[in-house]
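K.L.:
Would you mind keeping the following structure in view while I ask a few things?
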Amino acid sequence: MTHFSYIKYLVIVGFMFLFSCDKVKIEPVETYPDPPKALVKFLQEAPVPSIGVGGSIVTFKVQGLENKKPNEFTFYINQEPAEVIEVGTNTVKVKVPFTATTGGCAILINGEYYFGPTFTIRGSVSIDPSFDISGSSTNGAINGIIPIGSEYLVYGNFTNYGNKSSEAEPINSIVRINANGSFVSRFVKGQGFNGLVNDIIPVNDQYLVAGSFSKVDKMENINGLVRLNGDGTLDTNKVDIIDANPDSSLYNPDAGKMMVSHFNGGVGSGEPRRLFYDGIGKIVCVGNFKTYLSTFYERSTKDRPYLDVLDVYQIMRMDINGAFDSTYNLDKSRTPPRGYSGGNGYVFDAIQLSNGKTILVGNFTRFNDQAANYITCIEPQNGKVDAGFNSGNGADGPITRITYNSVTNKILLSGNFKTYKGVPADGVVMINEDGSIDPSFKFGRLGEGLVTYAGQLKDGRIIVSGTFNSYDNPDPNNPGTYEKIIRPGLMILHPDGSLVENCNNFGLFRGQINSFIEFPESLGTLPIILVGSFDRFNGKEVGNIVKFFIKKY
């Protein structure tokens, strides 16, 4: 047999063997071997007790620590080291730190972390058990909440609330709820708004709405501002217009009439963000627009509205029907008259004081050709800058939010700044109505992250949210002394800036607050509804709105 024939013979035999009736058992080979067993493992049993306070002794079921001394590993409760009291067979006893917050437990040993269950710290803050968590979530941010009788309107950038939206009855940017967060009605009938709602204010027995919309239900030619009746219907008015077919042989008595929005005012090249009503017929509108728009119906047809356009920048004043107020923020020395120059950057937020002055914040450093440093105050008489308010300059970085408490007469600024008027302020500062710093409030330092919201309750306590994970709590008895406290995303402060005892042991908050509303005190607790863009409160899943209790002083 030749060498070639021999090889051919082996190949044929091999194929015959492979395809013979005898099965060949192929043993599986593990591509990835089993990982080494963990040195330490938390067992399934719940800790005893399952809820604790600072100073409590808690027993956790843990394997792998039998031969370890307490100083050979570190036990954490939500990132805070806990004193190890005793190590037993499959158990470890620890003392809960007085600064601990609700969160996950972990053991650090030999440079490795072993994670365990969530441990709940009992405190003075808890979600209202009557609040409808599952039925109150939205699919977008809630920008604000206002009372409407015994119920509330929430508004923002969402198209669903508690899964109540449908093709036949859509929810677009506004909904009516009860005090427990449950859906009551869509409020606005038909298709609602075709854009987001930034602000709503009551005007007598109606509601003025601002946002980035151009249509409400079937009503078009709306430019970011519209008025609703108390029942949610659009406030309309029938006006005279040009009949586009005056020679038509078919007589139509309504050919020269048109149903329009009664509020005849709006903005162009931008959107309104904040509205303020003085109670006597004047409305201030703040935003990032460049023009005021109104419709001259006498020259309009049904298909072609004739718009009057006036250049005005970021702030203007109107009457309750939308007519422009030419006595406010208008430079009449120019031909044609136009608004003053506004800011060299965006306006992020605004408030109006009880004396009628309007304060704007943003990322601008000049406003109406005057130095501003991210904040400016506008006079109510004529819309000009109040130069005295911002004396001594402002912040050294953008101010993203401003809130005002008309009970305490205090203003809180928050944003990406480190000083205000040369005074250290790690993203939060409290000022008075005249623009001066309130020295009684000393904000601590953030280990990382930013503050995105700070608002004061009527009793003086302050709610702060942001992207931070810890807070260097100032000691009011020892100026310049701080203690680092884990605070994941939300904290409640005393009026002096220190953490409120037993009100900062709740767990993770994730997201941003846009607004809150207080309820009357009940049985020694203060109910509060928060709205914004957040999905966690005290570690629990929520949908941009939550109602919780906080114990009073």
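K.L.:
Scan the stretch 37-85 residue by residue and report those that are of a type in the set (D, E, K, R), touching a residue at least 12 places away in the same chain (Cβ under 8 Å) and open to solvent by 40 Å² or more (accessible area, probe 1.4 Å).
P.N.:
41, 45, 61, 66, 68, 69, 72, 83
K.L.:
Would you pick out the residues in the stretch 500-520 that are open to solvent by 60 Å² or more (accessible area, probe 1.4 Å) and under 14 Å from residue 461 (Cα atoms)?
P.N.:
Once the filter is applied, which keeps residues that are open to solvent by 60 Å² or more (accessible area, probe 1.4 Å) and under 14 Å from residue 461 (Cα atoms), the stretch 500-520 yields 501, 502.
K.L.:
Residue check, residue 535 against (1) over 19 Å from the mean Cα position of the chain (by Cα); (2) open to solvent by 30 Å² or more (accessible area, probe 1.4 Å), all met but one. Which one?
P.N.:
Against the list (1) over 19 Å from the mean Cα position of the chain (by Cα); (2) open to solvent by 30 Å² or more (accessible area, probe 1.4 Å), residue 535 comes up short only on (1).
K.L.:
Same structure again: Here's a check for you: in the stretch 521-532, which residue that is surrounded by fewer than 17 Cβ atoms within 10 Å (Cβ to Cβ) and of a type in the set (Gly, Ala, Ser) is nearest to residue 162 (Cα to Cα)?
P.N.:
Ranking the qualifying residues of the stretch 521-532, first place goes to 522.
K.L.:
Do any residues in the stretch 299-318 that are more than 14 Å from residue 224 (Cα to Cα) have Cβ atoms under 7 Å from those of residues that are part of a helix (DSSP H, G or I) and open to solvent by 30 Å² or more (accessible area, probe 1.4 Å), where the two are at least six apart or on different chains, and which pairs are they?
P.N.:
306/299
K.L.:
Of all residues in the stretch 135-151 being open to solvent by 20 Å² or more (accessible area, probe 1.4 Å) and over 19 Å from the mean Cα position of the chain (by Cα), which is nearest to residue 276 (Cα to Cα)?
P.N.:
So the residue we want is 149.
K.L.:
Is it true that residue 356 is small (Gly, Ala, Ser) and touching a strand residue (DSSP E or B) at 6+ places or on another chain (Cβ under 6 Å)? Break it down into steps so the answer makes sense when it comes.
P.N.:
Details: small (Gly, Ala, Ser): yes; touching a strand residue (DSSP E or B) at 6+ places or on another chain (Cβ under 6 Å): no.
For residue 356, the condition - small (Gly, Ala, Ser) and touching a strand residue (DSSP E or B) at 6+ places or on another chain (Cβ under 6 Å) - is not met.
K.L.:
Here's something else I'd like to know. Take the residues in the stretch 398-456 that are free of Cβ contacts under 8 Å to residues at least 40 places away in the same chain, within 23 Å of residue 367 (Cβ to Cβ) and basic (Lys, Arg); name whichever of them is least open to solvent (accessible area, probe 1.4 Å).
P.N.:
421
K.L.:
Same structure, new question: Which residue pairs have Cβ atoms closer than 6 Å, lie 6 or more positions apart in sequence or on different chains, and pair a first residue in the stretch 102-114 that is over 29 Å from residue 125 (Cβ atoms) with a second residue that is in a strand (DSSP E or B)?
P.N.:
114/107
K.L.:
Please go through the stretch 477-520 and give me each residue that is more than 18 Å from residue 54 (Cα to Cα) and modelled with pLDDT under 90, ordered by number.
P.N.:
477, 478, 479, 480, 481, 482
K.L.:
Does the stretch 312-328 contain at least one residue that is open to solvent by 40 Å² or more (accessible area, probe 1.4 Å), of a type in the set (Gly, Ala, Ser), at pLDDT 95 or above and within 14 Å of residue 381 (Cα to Cα)?
P.N.:
Yes: one or more hits.
K.L.:
Check off (1) open to solvent by 60 Å² or more (accessible area, probe 1.4 Å); (2) assigned to a strand (DSSP E or B); (3) in contact with a Ser or Thr (Cβ under 8 Å, 6 or more places away or on another chain) for residue 119 and give me the number that stays unchecked.
P.N.:
(1)
K.L.:
Now a separate question. Taking the criterion of being in a loop (DSSP other than H, G, I, E, B) and crowded, with 20+ Cβ neighbours inside 10 Å, would at least one residue in the stretch 280-294 satisfy it? Spell out the reasoning first.
P.N.:
Let us first name the residues in the stretch 280-294 that are in a loop (DSSP other than H, G, I, E, B), namely 280-281, 288-290.
With crowded, with 20+ Cβ neighbours inside 10 Å added as a condition, the list becomes 289.
Yes; the residues of the stretch 280-294 include at least one that is in a loop (DSSP other than H, G, I, E, B) and crowded, with 20+ Cβ neighbours inside 10 Å.
K.L.:
Those residues that are within 19 Å of the chain's Cα centre (by Cα), open to solvent by 40 Å² or more (accessible area, probe 1.4 Å) and more than 16 Å from residue 533 (Cβ to Cβ), I need them from the stretch 457-471; list them, please.
P.N.:
469
K.L.:
If residue 277 passes every condition in (1) of a type in the set (Ser, Thr, Tyr); (2) surrounded by 15 or more Cβ atoms within 10 Å (Cβ to Cβ); (3) free of Cβ contacts under 8 Å to residues at least 60 places away in the same chain but one, which one does it miss?
P.N.:
Of everything listed in (1) of a type in the set (Ser, Thr, Tyr); (2) surrounded by 15 or more Cβ atoms within 10 Å (Cβ to Cβ); (3) free of Cβ contacts under 8 Å to residues at least 60 places away in the same chain, residue 277 misses just condition (3).
K.L.:
Here's another thing I want to ask about it. Has the stretch 377-389 got any residue that is of a type in the set (A, V, I, L, M) and surrounded by fewer than 18 Cβ atoms within 10 Å (Cβ to Cβ)?
P.N.:
Checking the stretch 377-389: at least one residue is of a type in the set (A, V, I, L, M) and surrounded by fewer than 18 Cβ atoms within 10 Å (Cβ to Cβ).
K.L.:
Among the residues that make up the stretch 289-303, is at least one of them within 21 Å of residue 146 (Cβ to Cβ) and of a type outside the set (S, T, N, Q)?
P.N.:
Taking every residue of the stretch 289-303 in turn, none turns out to be within 21 Å of residue 146 (Cβ to Cβ) and of a type outside the set (S, T, N, Q).
K.L.:
Checking residue 481 against (1) among the hydroxyl-bearing types (Ser, Thr, Tyr); (2) open to solvent by less than 10 Å² (accessible area, probe 1.4 Å); (3) touching an Asp or Glu at 6+ places or on another chain (Cβ under 8 Å), only one condition comes out false. Which one?
P.N.:
In the conditions (1) among the hydroxyl-bearing types (Ser, Thr, Tyr); (2) open to solvent by less than 10 Å² (accessible area, probe 1.4 Å); (3) touching an Asp or Glu at 6+ places or on another chain (Cβ under 8 Å), residue 481 misses (2) alone.
K.L.:
Here's a check for you: in the stretch 295-325, which residue that is assigned to a loop (DSSP other than H, G, I, E, B) and out of contact with any strand residue (DSSP E or B) (no Cβ under 9 Å at 6 or more places or on another chain) is farthest from residue 352 (Cα to Cα)? Before you say what the answer is, go through the steps one by one.
P.N.:
Quick first cut of the stretch 295-325, residues assigned to a loop (DSSP other than H, G, I, E, B) only: 296, 300-306, 312-314, 320-323, 325.
Among the residues that remain, those that are also out of contact with any strand residue (DSSP E or B) (no Cβ under 9 Å at 6 or more places or on another chain) are: 303-304.
Values: 303: 38, 304: 37 Å.
Here the answer is 303.
The values are calculated or read from the model by the stated rules, or taken from the named source; none is laboratory data. From a predicted model like this one, the values you see are computed outputs, not experimental measurements. When we count neighbours, we look across all protein chains shown, and the Cβ atoms used for this are built from the backbone with ideal geometry, even at glycine. The area values use the complete protein model at the heavy-atom level, side chains included, leaving out ligands, DNA and RNA. Shrake-Rupley method; radii C 1.70, N 1.55, O 1.52, S 1.80 Å.
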